[in-house]
1. Do you know which residues across region 116-148 are farther than 26 Å from Phe166 by Cβ and not in a loop (DSSP other than H, G, I, E, B)?
2. Taking region 146-166 as the region of interest, how many residues are touching a helix residue (DSSP H, G or I) at 6+ places or on another chain (Cβ under 7 Å) and surrounded by 13 or more Cβ atoms within 10 Å (Cβ to Cβ)?
3. Can you give me the number of residues within region 1-54 that are touching a strand residue (DSSP E or B) at 6+ places or on another chain (Cβ under 7 Å) and in a strand (DSSP E or B)?
4. Which condition number does Ile73 fail, the rest of (1) in contact with a helix residue (DSSP H, G or I) (Cβ under 9 Å, 6 or more places away or on another chain); (2) farther than 23 Å from Lys263 by Cβ; (3) not hydroxyl-bearing (Ser, Thr, Tyr) being met?
5. Which of the residues spanning region 37-68 are of a type in the set (S, T, N, Q) and more than 25 Å from Leu182 (Cβ to Cβ)?
6. Taking interchain pairs and intrachain pairs at least six residues apart, which have beta carbon atoms under 7 angstrom, with the first residue in region 142-156 and under 16 Å from His175 (Cα atoms) and the second of a type in the set (A, V, I, L, M, F, W, C) and part of a helix (DSSP H, G or I)?
7. Please enumerate the residues belonging to region 200-226 that are outside any loop (DSSP other than H, G, I, E, B), closer than 20 Å to Gly135 by Cβ and of a type in the set (Val, Ile, Thr).
8. For region 184-199, how many residues meet the condition of being hydrophobic (A, V, I, L, M, F, W, C) and in a loop (DSSP other than H, G, I, E, B)?
Amino acid sequence: MLEPIFFKPVYKQVVWGGNNIKKYFNRDIKEDNIGESWELSAHTSGISQIVNDAFNNKNLYEIFNDKTKRKEIFGTKCLNMERFPILIKFIDAQDNLSVQVHPNDEYAEKYENDSGKNEVWYIMNCKEDAKIVYGFKDEVNSNNLANAIEDVENNARYINVKKGDFIPIPAGSIHAICSGILLCEIQQSSDVTYRVFDWNRVGLDGKPRQLHKEKAKEVINLNAKTQISNYFNTKEDINIYNSINFNIDLINIKNTKAENSSKESFIAYIVLDGDGKVKTQQFEKEIKAGSVFLIPAELGEYLLEGNMKLMRVYL
């Protein structure tokens, strides 16, 4: 019998990380400087271990590559995919992340043997004057791009953000999460990042972190745009993002809501706020802010119960 699938997070220590994933989600994390918590991943840089007893200690990579199970768990849209298509993580920016860019699919496949990286951010919490970097100032163009990259700190565009902001980051966009932000990132399953500026600091090993300016010049898209929307006070269920890579709905649960799986695609849920339960006739598990779980494509009916705000991710 199929059931909602839960995973063990993969934690990443980085120089810019902090302790907010531990504090905000009330998790038992021993290490400091945790910048990322990979919640749902089949990427070889951090594979999600399944915690359900029914899956006998298998991980997401293993069950996705079991062709006998792919249709019933992941849906018909995944049948011919080489890789599990998405990666969900939480990011705690205690300090600024590097100013960086991700390649598109064509470039990443050719030069990195990986997927490109379109991603979106949902800001779960942040300090009052929080900012992100997105793109360059208007005067930067293809003729002076090389010079702008050599002085990114002064040529980048800084944008104020707040809790509940939803921000798409297309491949090719220069961007950075600045200090004091805790967010959820939904992205293509990729681990390709080209750093162009790292605030003149060293990594946890005491050495300067590698920059990738030449590759960045090849993949930067000066025409890439984003549109920030805020859903902090949104009470209704709405679709907030559609792309060829994945789609996202915002779901609000008051008491009990009956849902049905889709045979076309798995559904991944992220609990943004509140708490409750996910239930089937033979399964029940408590969920709360920070819970991430996967609904198999052929599960059928299930219940979301409680007082919660969630994102629903599907193909």
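1. Kept after step one, since they are farther than 26 Å from Phe166 by Cβ, are these residues of region 116-148: 139, 141-148.
Answer for region 116-148, where residues must be farther than 26 Å from Phe166 by Cβ and not in a loop (DSSP other than H, G, I, E, B): Leu145, Ala146, Asn147, Ala148.
2. As a first pass, look at region 146-166 and keep what is touching a helix residue (DSSP H, G or I) at 6+ places or on another chain (Cβ under 7 Å): 146, 148-149, 155.
Checking which are surrounded by 13 or more Cβ atoms within 10 Å (Cβ to Cβ) leaves us with 148-149, 155.
Looking only at that region, the number is 3.
3. 21
4. (2)
5. Narrowing region 37-68 to residues of a type in the set (S, T, N, Q): 37, 41, 44-45, 48-49, 52, 56-57, 59, 65, 68.
The answer is Thr44, Asn52, Asn56, Asn57, Asn59, Asn65, Thr68.
6. What qualifies is Ile149/Ala216; Asn155/Ala148.
7. Scanning region 200-226 gives a single hit, Val219.
8. We begin by selecting, within region 184-199, every residue hydrophobic (A, V, I, L, M, F, W, C); these are 184, 186, 192, 196-197, 199.
Imposing the further condition that a residue be in a loop (DSSP other than H, G, I, E, B) reduces the set to 192, 199.
Number satisfying all stated conditions: 2.
The values are calculated or read from the model by the stated rules, or taken from the named source; none is laboratory data. Here the structure is a predicted model, which means the values were calculated and not measured. Cβ atoms come from the backbone with ideal geometry, glycine included; neighbour counts cover every protein chain shown.
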